[in-house]
Ligand code: V47
């Protein structure tokens, strides 16, 4: 046997500078579950290439080279919000002259603008408006379903659901049932921020607690609704807060299996009361993708949200654990109010190019990751 054919143990094929990563690599290779201490090590090591190498093993084991994207449109019906979260530049007080609230007709019209691009998903989130009722939101959903029956409605963060429950004096379960029956197909992952109560008191003290966010997600999953999940990083949290957040998501996923995708969200400080906090870096963004892929062994997809991290870092993330790059978006307000300099939308062709140039295979998906095939004028979801 020539020396070339001798099997080189996989851990020797990558230069691991930090010896603390060796036992983690062994767990990753054998499909073992990583611990809280492993998570801390992954956030602390300077050896980002080894962390990315390990995340890529898991990513390719789950998805090969496939990279998902969708043709979606964001709709933010109102930026009026009773919570004055320090992390947020989007929410405005009801009497703020800059605030807006769309009428139902405007929401349906906005949606129609996206329809011309054959969107498969409307991503609908907004502020906590003190006057819009549960019935108004149900009418909005019904109107969208009547006009765009093929489009998946991914709507309302757990925070919005909690606020509607409080305002309408109904249990969260009942609110979710009414929204589901009116047309809500799934829920986006926003509003989770970071579960640490110490940090929440400073960045979002008017929001539901981390426990309430998790409980609302649990209830949604029990009702058969799928949802995404997120973590806001790059503000005043520490590594232990991040690991704690990810392990709480993992524990809930063990119970319900209801999370589809995890999206790490970098804090954008401009125009917020926390604007003295330095902006995210490429290193931090890439690390958050990779560590999530390694710790969240039971959540199928990790999304590199290009609006938040720029298309260029999102493209690199496809080799560091991410298998999804989000969609065309069309109109984005939450990040752009907070200083994002990315464009508001990407064409389908641009998403395809980004993915292919990363050496990955693009697959257009619907919200629940069923492949979508297109002709010139129509699309079909392959079930
Ligand atoms: O809920 C608010 C966060 C979220 C800021 O589920 C901020 O597919 C950074 O959840 N800087 C909205 N972040 C975005 C979101 C999302 C995006 C893409 C896809 C999906 C999905 C979900 O953004 C908010 C909040 O957690 N946020 N303000 C800010 N200044």
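The residues of the stretch 232-258 that are closer than 28 Å to residue 152 by Cα, without any contact (Cβ under 8 Å) to a residue 60 or more places away in the chain and either near the ligand (Cβ under 8 Å from one of its atoms) or not in a helix (DSSP H, G or I) (or both), listed by number, are 257, 258.
Taking residue 286 as the residue in question, decide whether it is within 15 Å of the ligand (Cβ to nearest atom), out of contact with any strand residue (DSSP E or B) (no Cβ under 7 Å at 6 or more places or on another chain), touching a residue at least 12 places away in the same chain (Cβ under 8 Å) and in the same structural domain as residue 244 (by TED's automatic domain parsing).
Working: within 15 Å of the ligand (Cβ to nearest atom): no; out of contact with any strand residue (DSSP E or B) (no Cβ under 7 Å at 6 or more places or on another chain): yes; touching a residue at least 12 places away in the same chain (Cβ under 8 Å): yes; in the same structural domain as residue 244 (by TED's automatic domain parsing): yes.
So residue 286 fails the test.
Restricting the first residue to the stretch 339-352 and requiring it to be more than 30 Å from residue 273 (Cα to Cα) and in contact (Cβ under 8 Å) with a residue 40 or more places away in the chain, which pairs with a second residue that is more than 15 Å from the ligand (Cβ to nearest atom) and assigned to a loop (DSSP other than H, G, I, E, B) meet a Cβ separation below 8 Å and a spacing of at least six or different chains? Listed by first residue and then by second, the contacts come to 348/117. It is to be established whether one or more residues within the stretch 358-370 are part of a helix (DSSP H, G or I), closer than 26 Å to residue 125 by Cα, within 16 Å of the ligand (Cβ to nearest atom) and outside the structural domain of residue 54 (by TED's automatic domain parsing). The answer is no; no qualifying residue exists. Just one of the numbered conditions (1) in contact (Cβ under 8 Å) with a residue 40 or more places away in the chain; (2) within 12 Å of the ligand (Cβ to nearest atom) is not true of residue 311: (2). Only one of the numbered conditions (1) surrounded by 17 or more Cβ atoms within 10 Å (Cβ to Cβ); (2) within 21 Å of residue 367 (Cβ to Cβ); (3) without any contact (Cβ under 8 Å) to a residue 60 or more places away in the chain is not met by residue 128, and that is (2).
It is to be established whether one or more residues within the stretch 187-201 are in a loop (DSSP other than H, G, I, E, B) and more than 12 Å from the ligand (Cβ to nearest atom). Quick ask: steps written out before the conclusion?
Here is the first cut: in the stretch 187-201, the ones in a loop (DSSP other than H, G, I, E, B) are 188-196.
Adding the requirement that they be more than 12 Å from the ligand (Cβ to nearest atom) leaves 195-196.
Yes - at least one qualifying residue is present in the stretch 187-201.
The values are calculated or read from the model by the stated rules, or taken from the named source; none is laboratory data. Remember, predicted model here, so these are calculated numbers, not experimental data. Positions of Cβ are generated from backbone atoms using ideal geometry, with glycine treated the same way; all protein chains shown enter the neighbour counts.
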